Amino acid sequence: MPPLIQEPPTQGGETLGSPLLGVHDVAKAYGSVEALRGVDLQVFPGEIVALVGDNGAGKSTLVKAIAGVHQPDRGYISVRGKRVHLASPQDAAEVGIATVYQDLALCNNLDILSNLYLGRELRTPDRRVFRRFLARARMTVEGRRVLNELAISLPPLDARVGELSGGQRQAIAVARALLWGTSAVLFDEPTAALGVQQQAMVHSIIRHLKQRGLGVLIVSHNLADVFALSDRIVVLRLGRVAGTFVPKETHPNAVVAAITGSDTIAASIASGQ
């Protein structure tokens, strides 16, 4: 089995320490279909890792394994160097793994504050008749604090989420994750179907998470986003890691070659064409 903590990458000449999130020899099959065939991956503090690959490469299966939706047939997940058993998304949340899915899992008919605390509403401390009431004032203070940290312009907290832009909705989904002491955040296609201005807003949010020292894992088909945001790019192909790249040292064609397994593209890169 691979070592729990591998040699950490560096940024600006400094090592990033021990990984916040680790995937160790993870395999998953659906009947005769092997979706993952022994995947190893680490995400370090203050690091943005992009996970790319063609359709059917295993990206969604890997994210669901990390998020606690599916359990691997072999291998395990670690958080802050400790092996964890993730039997459900709630288990993942309790150890500090938050997932922001493409649909964001927001309720359009509810206001911003209600979405921030959806399923985890705070109650008044009174143990008697008033315990049924929401501690809305306390929720408002904490909600505003987290949203202010993201430095995103949003309407008042009583505005309905269905009236917001795509970038603002992403901000709410991320703020909801930050409210619960998250260590690592997984993004599934975070800029899909967004305009240029909204994409820039989402980029700003993701970079803020990096500055806070969180680990960020992005699943994306958008190589422009991947090269603009990530510190490392991990390519999955046919359920295995086909390559790991540092964007500043890599041509996009090299990543495409790893995604497709194209010897023609790889040869052209080697020859400088």
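The values are calculated or read from the model by the stated rules, or taken from the named source; none is laboratory data. Just so it is clear, the structure is predicted and the values come from calculations on it, not from any experiment. We place every Cβ from the backbone using ideal geometry, glycine too, and count neighbours over all the protein chains shown. When the accessible area is computed, the model is the full protein with side chains, heavy atoms only, and any ligands, DNA or RNA have been set aside. Shrake-Rupley method; radii C 1.70, N 1.55, O 1.52, S 1.80 Å.
Quick notes on this structure:
- Any hit, region 29-45, residues being modelled with pLDDT of 90 or more, in contact with a Ser or Thr (Cβ under 6 Å, 6 or more places away or on another chain) and surrounded by 15 or more Cβ atoms within 10 Å (Cβ to Cβ): yes
- Test result for residue 127, out of contact with any Pro (no Cβ under 8 Å at 6 or more places or on another chain), exposed (fewer than 12 other Cβ atoms within 10 Å of the Cβ) and modelled with pLDDT under 90: yes
- Qualifying position, being polar (S, T, N, Q), assigned to a helix (DSSP H, G or I) and closer than 25 Å to residue 226 by Cβ, among 61, 99: 61
- Qualifying residue in region 184-197 (condition: at pLDDT below 95 and part of a helix (DSSP H, G or I)): yes
- Filtered residue count, region 230-240, keeping only those that are assigned to a strand (DSSP E or B) and either open to solvent by less than 60 Å² (accessible area, probe 1.4 Å) or of a type in the set (Asp, Glu) (or both): 5
- Set side by side, the residues 143, 162, 243 differ, and just one is over 28 Å from residue 72 (Cα atoms), open to solvent by less than 20 Å² (accessible area, probe 1.4 Å) and over 18 Å from the mean Cα position of the chain (by Cα), which is 143.
- Hits in region 72-89 - residues which are under 25 Å from residue 221 (Cα atoms), touching a residue at least 40 places away in the same chain (Cβ under 8 Å) and outside any strand (DSSP E or B): 72
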